[in-house]
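The values are calculated or read from the model by the stated rules, or taken from the named source; none is laboratory data. Here the structure is a predicted model, which means the values were calculated and not measured. Here the Cβ is made from the backbone with ideal geometry for all residues, glycine too, and neighbour counts use every protein chain on show. Note: accessible area is taken over every heavy atom of the protein model, side chains too, but ligands, DNA and RNA are not part of it. Shrake-Rupley method; radii C 1.70, N 1.55, O 1.52, S 1.80 Å.
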Amino acid sequence: MNSKYSQKAGAIGIFDSGYGGLTILHSIRKLLPQYDYLYLGDNARAPYGSRSFDVVYQFTRQAVLKLFEMGCQLVILGCNTASAKALRTLQQSDLPTIDPRRRVLGVIRPTAEIIGNITTSRHVGLLATEGTVRSQSYTMEIEKLWSDIQVTGMACPLWVPIIENNEADSLGADYFVEKRINALLAADPEIDTLILGCTHYPILMPKIRAHTPDYITIIAQGDYVARSLADYLQRHQEMNELCTRGGTTRYLTTENPEKFKESARIFLKEDINVERIKLE
């Protein structure tokens, strides 16, 4: 076990390559407001969506180790790409040597766990980044739990830039949202449930809903991740006791703090204080 990491209770860490994890943080804070949170966005190196498995793993590992250094005993990867490309290696290869008592959890498993209770046609659509779609992580996780469900993925490479450039309400956003949803439903017309497999995408929910047939259920991850975390802490009291409760949230970024504050308003609808850090 690495002695440089404190065994004292600390905040729950939430990591994302950029801003999308703020939608996960928002849902978690709404359900579990009593805990302390430490949010880290690697905005200087975002987006992760098109990067290789190895690069995403290295970047995510650096972020997780930074959050461990800052006292987090539990870290949530509030990023689908990091969950798809780095989580398994972190859990299986890194944690046993770093500190086997610490935990890193992702956002894909909670969605996979509930999807079989929602779809009736057993045909599920996935809208996500190129990296998440190509990783087949959703397909594999869902298949473990619901072997009768067919998953069809569609990469939406322009959706994140649209959101981060504050164009989510524009007519241009309508065009790109409708185009990808139509392509997905053409690939599998039997889809009755749609997973938003990127934490940015709930910002586009009004347009996604407008261009999706009413009979299709749309799954945004935040609430399911929050409920899964609450359940996890209930079942693992030893970890629950290592999570401090002061109702506070700190925000860290590898980019310009003012830029982060400005963009965070799109996701949180509030003003926040942000600190800049380096990852290495």
#### Entry: Cα-based radius of gyration of region 199-253 once divided by 2.2 N^0.38 Å, which approximates compact folds
1.63
### Task
List, in order, the whole-Hz ³J(HN,Hα) value for each residue of region 22-39 obtained from phi through the Karplus relation with A = 6.51, B = -1.76, C = 1.60 and θ = phi - 60°; use x for Gly and Pro.
5, 5, 5, 4, 4, 5, 5, 5, 5, 7, 10, x, 6, 7, 8, 10, 10, 9
### Query
What is the extension gain from residue 69 to residue 130, computed as 0.36 nm multiplied by their sequence separation minus the C-alpha to C-alpha distance, in nm to one decimal?
18.8 nm
#### Entry: ³J(HN,Hα), Karplus 6.51/-1.76/1.60, whole Hz, each residue of region 222-238, x for Gly, Pro
x, 5, 6, 5, 4, 5, 5, 5, 4, 5, 4, 5, 5, 7, 10, 5, 5
### Query
For region 110-253, what is the relative contact order in percent, using Cα pairs closer than 8 Å and at least 6 residues apart in sequence?
27 percent
### Query
Expressed in nm to one decimal, what extension gain is obtained for the pair residue 278 and residue 188 from 0.36 nm per residue of sequence separation less their Cα-Cα distance?
28.0 nm
### Task
Work out the length of the dipole vector of region 175-280 about its Cα centre, built from +1 on the beta-carbon of each Lys and Arg and -1 on the beta-carbon of each Asp and Glu, and round it to the nearest 20 debye.
320 debye
### Task
With a ≥ b ≥ c taken as the square roots of the eigenvalues of the C-alpha gyration tensor of region 169-225, please select rounded if a/c is under 1.5 and otherwise prolate if a/b is larger than b/c or oblate if it is not?
oblate
### Dmax and Rg, reported as Rg then Dmax, of region 25-167 (C-alpha, Å)
16.0, 46
### Query
Where the centre of each part is set by its Cα atoms, how far does region 146-170 sit from region 247-269, in angstrom?
22 Å
#### Entry: Gain on full stretching of the segment that runs from residue 53 to residue 123 - 0.36 nm per residue minus C-alpha separation
22.5 nm
### Task
Would you mind working out the accessible area per residue for the chain, using a 1.4 Å probe, and quoting it in Å²?
44 Å²
### Query
Using a Gaussian network for the chain with springs between C-alpha atoms less than 10 Å apart, which of these wobbles most: 172, 20, 106?
172
### Query
At a Förster radius of 45 Å, what calculated FRET efficiency corresponds to the Cβ-Cβ distance of residue 236 and residue 171, to the nearest 0.05?
0.45
### Task
May I ask for the percentage of alpha-carbon pairs in region 30-100 that lie more than 13 Å from each other?
67 percent
### Query
R0 = 25 Å: FRET efficiency of residue 9 with residue 114, Cβ-based, nearest 0.05?
0.25
## Note on the structure
With the 8 Å Cα cutoff and a minimum separation of six or more residues, the chain has a relative contact order in percent of 27 percent
### Task
Hey, can you grab everything whose amide H is under 5 Å from the amide H of residue 194? Only 5+ residues off in sequence or another chain; H modelled, so Pro and N-termini drop out.
125, 217, 218, 219
### Message
Could you sort the peptides 37-44, 215-222 by per-residue average Cβ neighbour count (10 Å cutoff), highest mean leading?
### Response
37-44, 215-222
### Query
When DSSP assigns beta bridges and you keep just the ones with both residues in the chain, what percent turn out antiparallel, to the nearest 5?
0 percent
### Message
Just want to confirm a number: the relative contact order over region 34-147, from Cα pairs under 8 angstrom separated by 6+ residues, in percent.
### Response
28 percent
#### Entry: Three-way shape label, region 111-268, alpha-carbon gyration tensor, a/c 1.5
oblate
### Query
Roughly how compact is region 1-72, stated as its Cα Rg over 2.2 N^0.38 Å to two decimals?
1.20
### Query
Going down the table (30/85; 30/269; 85/269), which pairs top 20 Å between alpha carbons?
30/85; 85/269
### Query
Which far-off residues, 5 or more places away or on another chain, put their amide H under 5 Å from the one on residue 250, with H placed in the peptide plane?
37, 38, 39
### Query
Residue by residue through region 59-69, which ³J(HN,Hα) values in whole Hz follow from phi under the Karplus form 6.51 cos²θ - 1.76 cosθ + 1.60 (θ = phi - 60°), with glycine and proline marked x?
5, 5, 4, 4, 5, 5, 5, 5, 5, 4, 4
### Task
Using +1 at the Cβ of each Lys and Arg and -1 at the Cβ of each Asp and Glu in region 77-133, identify which of 124, 100, 114 lies farthest towards the dipole's positive end.
100
### Message
Would region 92-197 count as rounded, prolate or oblate if I go by the C-alpha gyration tensor, calling it rounded below 1.5 in a/c and otherwise prolate when a/b exceeds b/c, oblate otherwise?
### Response
oblate
### Query
What order, most packed first, do the peptides 79-87, 158-166 have when packing is the mean number of other Cβ atoms within 10 Å of each residue?
79-87, 158-166
